[in-house]
Amino acid sequence: MSLTQKTPTARYNPAQGGAPHGGGSPNATAGLSAAERGAIGDHVRECWTIDAGAEGIQTMKVLLTVQTDAAGTVRNAVIAGSDVGRAASDPVFQAFAERAVRAVEDYRCATLPLPPALVGKPETFTFRFSP
């Protein structure tokens, strides 16, 4: 069987953004333009890899909650929402999600290219990773 390699993508939630299930603490994702989300996704994509041979990898998606410091550097990234339970019960998905967390926290990609309005105070974002 031949596997087609596809470059993984990393991007913010769509423009409707916000917390994945509404409510909760404020999330800066919704305030970003599509171009700003794209620039951040392009930046993080350089540090993200997937196991192209893993079963079902092409249909996987994971949400992360990412917290930055005042300089825009990632200080914490965790699996978000219902993906937490899925990671606990599915080892292939867990590996996929952990690679996403490592990409965001990687020293080469952790300083996000945030717009000036979001620099100067800690922020929380939602990232969606999918191949």
With x for Gly and Pro, the residue-by-residue ³J(HN,Hα) of the stretch 78-87, computed from phi through the Karplus equation 6.51 cos²θ - 1.76 cosθ + 1.60 at θ = phi - 60° and given in whole Hz, is 9, 5, 10, x, 5, 5, 4, x, 5, 5
Amide H contacts under 5 Å for Thr111, restricted to residues at least 5 apart in sequence or on another chain and with H modeled in the peptide plane, are Val74
Of all trypsin sites (Lys or Arg not before Pro) in the stretch 38-131, the ones in DSSP coil with at most 16 other Cβ atoms within 10 Å are Lys61, Arg108
For the stretch 87-131, the accessible surface attributable to carbon and sulfur atoms (probe 1.4 angstrom, ligands and nucleic acids excluded) amounts in percent to 55 percent
Mean accessible area per residue over the stretch 49-131 (1.4 angstrom probe, all protein chains present, square angstrom) is 49 Å²
In nanometres, the difference between 0.36 nm per residue of separation and the alpha-carbon distance of Asp51 and Asp106 is 18.0 nm
Going residue by residue through the stretch 55-64, the Karplus relation 6.51 cos²θ - 1.76 cosθ + 1.60 with θ = phi - 60° gives ³J(HN,Hα) values, rounded to whole Hz and with x marking Gly or Pro, of 5, x, 4, 5, 10, 6, 9, 9, 9, 10
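The values are calculated or read from the model by the stated rules, or taken from the named source; none is laboratory data. Just so we're clear, the structure is a prediction, and the values are computed from it rather than from any experiment. A quick note on method: Cβ atoms are made from the backbone with ideal geometry, for glycine too, and the neighbour counts reach across all protein chains shown. To get the accessible areas, we keep the full protein, side chains included, count just its heavy atoms, and leave off ligands, DNA and RNA. Shrake-Rupley method; radii C 1.70, N 1.55, O 1.52, S 1.80 Å.
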